[in-house]
Each structure stands twice: as C-alpha cells, then as structure tokens.
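FYI, it's all coordinate maths here, none of it is from the lab. Owing to the predicted nature of the structure, the values given are computational and were not obtained by experimental measurement. We place every Cβ from the backbone using ideal geometry, glycine too, and count neighbours over all the protein chains shown.
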Amino acid sequence: MDGVDMKLFTIGFTGKNAEKFFSLLESSEANKLIDIRINRTSQLAGFAKEQDLEFFLPKIVGMQYQVWDDLAPTKELLASYRDKEILWEEFAQKYQDLINVRGTLEKSSQTDFENAVLLCSEHEPEKCHRTLLAELITQKFPLLGVTHLI
C-alpha cells in the first residue's frame, strides 16, 4: 500500500446536520472514528453524543467508534483559550507539549490512524486541536496524508 491510500481524516460536527455529517464520513471511506473531544455527552452535541455515535456509526456508515481521552486537551487548557486568556499559538504549544508528555503517540502505531477520522467539535479545522493532532501524527507517521472533512 502506498502513501496515497493511507489517509487520516478530521471532522468537526458543529455547523453540520446529521445528513451532512454522516455523508462526509461515508464518502471518506474511513473505517473508524476516533473521538478526541473532552465533552462527548453534552446536549449541545445533538446527534454527535458519544452514546449516539456508538449506535449510529456502525449502522449508517459501517464505521467503528473509539474514544481516545488522552488525545483531548485538558478542560483547563481549552477554557484558557476559549476565554481568551491565551492566544492560539500558546494553546497550540501547550497542547503539543501535553500530547508529548502523555506519550500516547509513542505507544501508537500507524495502523491506529490509517483510514481513521479524528472527531472534535469545531466546524473549521483551522485553530482546532484536531489539526494540531493530525500534524503530530503525520510527523510520526509521514506516509499518512490528512484530509479535513468540511
């Protein structure tokens, strides 16, 4: 298999209805969704709540659902950025440092992320931790290409 076939996708659910969200996932042909959100059970998540995705993903798009808590930022770090206590650049550095300290990527393999979709809340991939994480993953596994589903 060459690098062209090995994809890592990202998606945010905000600003998408269920039809758009599941259609994007289906068109990706990915086989698993990795949830990297801090809060997966909020009513604001609508159709993207953890228990609903566990049910819907296999039935609608034939996709496995996984939760990787240790790839999410801390509540404190995210709040400091959302409350404008720190700028994006500082958030990005602190998030990358957190991922390195946790050692999650060091314990993972390329196959953990091949044909997987990283899920978070943000509508756009810019200034979102899923993009930072995708960059870290592709630094470790350069054969993976990233596609943002928007």
Anchor Lys84: aspartates and glutamates whose Cα lies under 15 Å away (excluding residues fewer than 8 positions away in-chain) | Glu76
Between Leu77, Leu53, Leu133, which gets the highest mean-square fluctuation from a Gaussian network model of the chain, Cα cutoff 10 Å?
-> Leu77
Taking the chain as a Gaussian network, Cα atoms linked when under 10 Å apart, which of Ala92, Ala18, Ala48 shows the biggest mean-square fluctuation?
-> Ala18
Mind ranking 100-109, 141-150, 122-131 by how tightly packed they are, going by the mean number of other C-beta atoms within 10 angstrom, highest first?
-> 122-131, 141-150, 100-109
Can you work out ³J(HN,Hα) from phi for every residue in the stretch 78-84, in order, using Karplus 6.51 cos²θ - 1.76 cosθ + 1.60 and θ = phi - 60°, giving whole Hz and x for Gly and Pro?
-> 5, 4, 5, 6, 4, 7, 6
For the chain, modelled as a GNM with alpha-carbon contacts under 10 angstrom, which of Asn31, Asn39, Asn17 fluctuates the most?
-> Asn17
In the structure shown, do any of Lys94/Lys140; Lys7/Lys107; Lys7/Lys59; Lys59/Lys107 have a Cα-Cα gap over 26 Å, and if so which?
-> Lys59/Lys107
Mind listing the phi-derived Karplus ³J(HN,Hα) values for the stretch 90-106, rounded to whole Hz, using 6.51, -1.76 and 1.60 with θ = phi - 60°, and x for any glycine or proline?
-> 6, 4, 4, 5, 5, 5, 4, 4, 4, 4, 5, 5, 5, x, 4, 5, 5
Helix-only mean residue ellipticity at 222 nm for the chain, each DSSP H run of n ≥ 4 adding -39500 (n - 2.57), per residue, nearest 500 | -12500 deg cm²/dmol
Based on the alpha-carbon gyration tensor of the chain, what equivalent-ellipsoid semi-axes (square roots of 5 times the eigenvalues) come out, in whole Å, largest first?
-> 23, 20, 13
